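The values are calculated or read from the model by the stated rules, or taken from the named source; none is laboratory data. Since the structure is predicted, the reported quantities are computational estimates derived from the model, not experimental observations. Every residue, glycine among them, receives a Cβ derived from its backbone with ideal geometry; neighbour counts consider all protein chains shown. All accessible areas refer to the heavy atoms of the entire protein, side chains included, with ligands and DNA or RNA removed. Shrake-Rupley method; radii C 1.70, N 1.55, O 1.52, S 1.80 Å.
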Amino acid sequence: MTTEYTITIEPIGREVTCREDQTILDACLRAGVWVPHSCTHGTCATCKAEVLEGEVDQGEASSFALMDFERDEGKTLLCVCKPRSDVVIEADIDADEDIPVHPVEDYTGTLLSMEEVALDTRRLLIELDRDMTFNAGQYMALHVPGQGELTRTYSMANIPTEPRVLEFQIRRTPGGLATDGWIFKDLAVGDAITLSGPYGRFVLRTDRREPAVLIAGGTGLAPIAAMIRHALEGELEEVGHLTLYQGARTRQWMYDVDRFKALEAQYPDRFTYRPCLSEEEAEGFATGMVTDVLNADHENLKGHIGYVCGPPAMVEASLKTLMLKRLFPRDIYKEEFLDMSAAATGVRSPLIKR
Ligand SMILES: Cc1cc2nc3c(=O)[nH]c(=O)nc-3n(C[C@H](O)[C@H](O)[C@H](O)COP(=O)(O)OP(=O)(O)OC[C@H]3O[C@@H](n4cnc5c(N)ncnc54)[C@H](O)[C@@H]3O)c2cc1C
Ligand code: FES
């Protein structure tokens, strides 16, 4: 029989039950208790918490995300640690945030379609066995077949009014277990896929009225597409004007241009589209990195908010640019598509609060 322990989460005083073979993050999210998280595999340090009482197994926490002295101080990464007794933890929970919490659940899906949308980039439509509630911009963990318990996280590009068919936009990572070894290798339409979610807090902030710049690099477009569609098609008039800066190296890496042009034509007062190519000049595209184009477009961005998603280096460059344009860190929401290489290199931006 599997032993279960009680986890008390301070400062909110909530109690959840956690199996000895379950991570504390998983137990909290399944019980509908939100605690900060991002990568869910011990590399980003977003879920760092303090163990006030009790014993935990630290699991596969990267030595960069959880330094030795932090372990000695009683810190832990909730996404990889498992209880060895009843535990009291103190997590960095901002009680003021007014975002609905949708408990994480397991789903079985069927791959409805798989389309090449750009070089090494696929759009997957997965039909779930039942509807799911989530916030626009959240992500799912997909189980990678043949690799034990291995999961990889992918953001949903569909919107909450599409609760049954999930859209994913996935870039191939050479040598990657999930992409090269499965999604771009032998995954086929009709296959069953097991997945869990929804995760994350990189979501459309319906409480913010300011105009927003949204910066997307590569498949970092997925959650940002969900937020834009949710605001426009959901007729959330209270959300301010949205400007999308979509970056790619060349035209062959760029996708969904017609989709966003159509939204811009349909909602000219609410949405502006700026596709940018950094290594090619082409009609209808700005030339330069997204940050260069943003720089040239705005003297300053006081009074705006920002959303940024994509590879870590692009996220860091965008944060720097937005801060130079007078945005405060509290006005910038971001999601880094950290992969397992970060576990070995410890790539961490000093601009990103952990
Ligand atoms: C919140 C979140 C949302 C995401 N959403 C998306 C999305 O919508 N679309 C998308 O395309 N991607 C997304 N990603 C990235 C995605 O989760 C995967 O990281 C990516 O697809 C690579 O997975 P993989 O299994 O193919 O590669 P992996 O097997 O994880 O390998 C990735 C790289 O790390 C190296 N590596 C592997 N293990 C180690 C190790 N132990 N030490 C050092 N190096 C190692 C590999 O050689 C390779 O270069 C998201 C990531 C996060 C955190
Ligand atoms: S969510 Fe735990 S280290 Fe990233």
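Pairs please, first residue from the stretch 38-51 and closer than 16 Å to R201 by Cα, second anywhere and part of a loop (DSSP other than H, G, I, E, B) and away from ligand 1 (no atom under 12 Å from the Cβ), Cβ atoms under 6 Å, 6+ apart in sequence or on different chains.
If the second residue must be part of a loop (DSSP other than H, G, I, E, B) and away from ligand 1 (no atom under 12 Å from the Cβ), the pairs left are A45/A65; A45/R354; T46/P36; C47/P36; C47/L78.
Scan (1) within 16 Å of A31 (Cα to Cα); (2) outside any strand (DSSP E or B) for the single condition D106 breaks and write down its number.
(2)
Check E115 against each of (1) in contact with a Ser or Thr (Cβ under 9 Å, 6 or more places away or on another chain); (2) free of Cβ contacts under 8 Å to residues at least 12 places away in the same chain and name the one condition it does not meet.
Condition (1) is where E115 drops out.
Of everything in the stretch 156-183, what is charged (D, E, K, R) and either open to solvent by 40 Å² or more (accessible area, probe 1.4 Å) or over 11 Å from R123 (Cα atoms) (or both)? Give them in sequence order.
E162, R164, R171, R172, D180
Considering only the stretch 257-270, I want to know if a residue exists there that is out of contact with any helix residue (DSSP H, G or I) (no Cβ under 6 Å at 6 or more places or on another chain), at pLDDT 95 or above, among the aromatic types (F, W, Y) and not in a helix (DSSP H, G or I).
For the stretch 257-270, residues out of contact with any helix residue (DSSP H, G or I) (no Cβ under 6 Å at 6 or more places or on another chain), at pLDDT 95 or above, among the aromatic types (F, W, Y) and not in a helix (DSSP H, G or I): absent.
If you go through the stretch 209-217 one residue at a time, do you hit one that is more than 27 Å from M254 (Cβ to Cβ) and open to solvent by 10 Å² or more (accessible area, probe 1.4 Å)?
yes
With the requirement that a residue be open to solvent by 30 Å² or more (accessible area, probe 1.4 Å) and more than 10 Å from ligand 2 (Cβ to nearest atom), what does the stretch 29-50 give you?
R30, A31, W34, E50
Output the number of the condition that E127 fails; it satisfies all remaining conditions of (1) among the acidic types (D, E); (2) open to solvent by less than 50 Å² (accessible area, probe 1.4 Å); (3) in contact with a Leu (Cβ under 8 Å, 6 or more places away or on another chain).
Every condition holds for E127 apart from (2).
Would you be able to tell me the number of residues in the stretch 286-317 that are part of a loop (DSSP other than H, G, I, E, B) and open to solvent by 30 Å² or more (accessible area, probe 1.4 Å)?
Count: 8.
Across the stretch 104-118, which residue is most open to solvent (accessible area, probe 1.4 Å) among those that are touching a helix residue (DSSP H, G or I) at 6+ places or on another chain (Cβ under 9 Å) and not acidic (D, E)?
By that ranking, first place goes to M114.
Run down T76, T121 and say which single residue is within 16 Å of ligand 2 (Cβ to nearest atom), among the β-branched types (V, I, T) and open to solvent by less than 30 Å² (accessible area, probe 1.4 Å).
Just one listed residue meets the conditions, T76.
For the condition at pLDDT 95 or above and under 26 Å from L195 (Cα atoms), what is the one hit in R84, R122?
Going through R84, R122 in turn, the sole match is R122.
Looking only at the stretch 253-285, how many residues end up being open to solvent by 70 Å² or more (accessible area, probe 1.4 Å), under 26 Å from V239 (Cβ atoms) and charged (D, E, K, R)?
Selection size over the stretch 253-285: 5.
Of the conditions (1) away from ligand 2 (no atom under 11 Å from the Cβ); (2) within 15 Å of D26 (Cα to Cα); (3) open to solvent by 10 Å² or more (accessible area, probe 1.4 Å), D86 clears all except one; give me its number.
The one condition D86 does not meet is (2).
Quick one: D68 ticks every box in (1) surrounded by fewer than 15 Cβ atoms within 10 Å (Cβ to Cβ); (2) within 16 Å of ligand 1 (Cβ to nearest atom) except a single one, so which number is it?
Here D68 clears every test but (2).
Can you pull out the residues in the stretch 318-345 that are surrounded by 14 or more Cβ atoms within 10 Å (Cβ to Cβ), in contact (Cβ under 8 Å) with a residue 60 or more places away in the chain and more than 18 Å from G217 (Cβ to Cβ)?
Answer for the stretch 318-345, where residues must be surrounded by 14 or more Cβ atoms within 10 Å (Cβ to Cβ), in contact (Cβ under 8 Å) with a residue 60 or more places away in the chain and more than 18 Å from G217 (Cβ to Cβ): D331, M340, A343.
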